[in-house]
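The values are calculated or read from the model by the stated rules, or taken from the named source; none is laboratory data. The structure displayed is predicted, hence computed values, not measured ones. Cβ: placed from backbone, ideal geometry, glycine included. Neighbour counts: every protein chain shown. Accessible surface areas use protein heavy atoms only, side chains included; no ligands, DNA or RNA. Shrake-Rupley method; radii C 1.70, N 1.55, O 1.52, S 1.80 Å.
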Amino acid sequence: ATDISFWHAMQGPLGDRLNSIVDQFNKSQSDYVVHAVYKGTYAEAMNAGIAAFRGGNAPDILQVFEVGTATMMYAKGAIVPVQEMSEKAGNPINPKDFLGAVASYYSSPAGKLVSMPFNSSTPVFYYNKDAFKKAGLDPQKPPKTWKEVAEAGKKLRAAGLECGYTTSWPAWIQLENFGAWHNKPYTTEDNGFGGLGARLEINKPIYVRHMKFLADMAKAGTFTYGGRGDTPNALFISGKCGMFTGSSGTRASILKNGNFSLGTTTLPYYADVKGAPQNTIIGGASLWVFAKKSPAVYKGVTKFFKFLSSPEQAAAWHQDTGYVPITKAGYDLTKKSGYYDKNPGTEIAVNELNATTTKNSRGVRLGYLPQIRDIEEGDMEQIFAGKVTAQAGLDNAVKRGNELLVRFEKSVK
Ligand SMILES: O=P(O)(O)OC[C@H](O)CO
């Protein structure tokens, strides 16, 4: 049999589920054996994959978070576009099978899939219904607007909760998705989809307003900054925070490890902003295939990808994890089975994504976006700690982030 190496960043219930899919694939046929290896966080896995490629021993498949998309796409000679690979293997992957928001995120300007959609998420608003009851809040009426989040935060704290509200992935949720949800540009050039000349717009009034709002909440003790990436998940899962914005893909670990009744609703917005709420954008990761592998490997990878995106697997992965169903058939199967009616809140992520996107809400495609997030989050930490004003912090993020965008533009021209 042909061996296929697959480096990924899924841990906890997600890693268990991923291993089980790989086992099922390996047992379903005898020509290929996929070896799944956990390589740390998304950033660590991406760096490990790129370093291995440079050293001449890249894995066959690498899971890369959505913000690494532009970097991978422009890494000419390092990757093979998946649609092209599947066509050459005689087993074409059809981009039309995927949900529009998912396919367009991972497609070339010519509309061809460059990477394989797998775990697509979007941020949702989670809340602890038991804590709501304790604070005299109606668990059937979660906050809809940011103003209501701040008010609920006060009540939760007054009822003795250690933390009102926290968020994971600060840059993804509070800047990238915040912009799309309010239909405001994140950068020029259609958030980077229009060209390499895109420059950050996150020091505009809407973002300054939001950062100031969160800094004021932090000062009032109703918002607790919990760190970057998914580190803050623990604050909510442990029951310390009553409200949390996080990835839809965190659902599995909240249900497994949280000891309270979970509520899920749409992201808050500012009610006076025209056009809000628009739609959220996808996060999570997709699967990239490295160049210079044998035809047998590409045939096997194609077969594995077809297996992953089969209606049954796509529906099961969605239902078991909280990631969105990446294919239309996976979604239909889930709906028909009555899953959404039986599991209230699980359709929120799909609904948030389900809109005709605007140039501000299709997604964000920028080189060095993982590094730009680091810069933004450094400045957000200063803002939330009250060390700099929202405007000064965001001006700094724009200045330093744009330096990277200029560097990327020069490097690929
Ligand atoms: O936790 P995930 O997998 O939904 O990913 C969240 C962010 O999109 C990562 O960049």
Residue-wise, which Karplus ³J(HN,Hα) couplings in Hz belong to the range 164-172, taking 6.51 cos²θ - 1.76 cosθ + 1.60, θ = phi - 60°, and x for glycine or proline?
x, 9, 9, 9, 8, 5, x, 6, 5
What is the P(r) of the range 237-391, as percent of Cα-Cα pairs per 10 Å bin from 0?
8, 26, 34, 23, 8, 1
Once neighbouring chains are kept in place and the probe is 1.4 Å, which whole percent of the accessible area of the range 1-80 is contributed by carbon and sulfur?
50 percent
If one takes the longest principal axis of the Cα atoms in the chain, at what angle in degrees, from 0 to 90 and to the nearest 10, does the Cα axis of helix 295-308 lie?
40 degrees
Could you work out the relative contact order of the range 259-377, using alpha carbon pairs under 8 angstrom and six or more residues apart, expressed as a whole percent?
35 percent
What are the trypsin sites (Lys or Arg not before Pro) within the range 1-90 that DSSP puts in a loop, where the Cβ has at most 14 other Cβ atoms within 10 Å?
Lys76
Compute the Rg/Rh shape ratio of the range 325-413: radius of gyration over Kirkwood radius, all on alpha-carbon atoms.
1.18
Rounded accessible area per residue of the range 69-169, 1.4 Å, Å²:
41 Å²
With every atom except the alpha carbons ignored, what do you get for Rg and Dmax of the range 320-366, in angstroms?
12.6, 39
The range 195-294, accessible surface, carbon-and-sulfur percent (1.4 angstrom probe):
52 percent
Using every alpha carbon pair in the range 168-323, what percent of pairs falls into each 10 Å bin from 0 up to the bin containing the largest distance?
9, 28, 31, 22, 9, 1, 0
Accessible area in square angstrom per residue, the range 247-349, 1.4 angstrom probe:
39 Å²
Cα pair count fraction exceeding 16 Å, expressed as % - the range 220-261:
30 percent
Note the angle between two axes, namely the Cα long axis of helix 146-158 and the longest principal axis of the Cα atoms of the chain, as a number of degrees from 0 to 90, rounded to the nearest 10.
70 degrees
Which whole number in µm²/s is D for the chain by Stokes-Einstein, with the Kirkwood Rh taken over Cα pairs at 25 °C and 0.890 mPa s?
113 µm²/s
Treat every Asp and Glu Cβ in the chain as -1 and every Lys and Arg Cβ as +1, leave all other atoms uncharged, and give the resulting dipole magnitude about the Cα centre to the nearest 20 debye.
360 debye
Rh (Kirkwood, all Cα-Cα pairs) for the range 16-107, Å, reads 15.2 Å
Between helix 311-321 and the chain, what is the angle of the helix's C-alpha long axis to the longest principal axis, kept within 0 to 90° and rounded to the nearest 10?
40 degrees
Of all DSSP beta bridges in the chain, what percent run antiparallel (nearest 5)?
60 percent
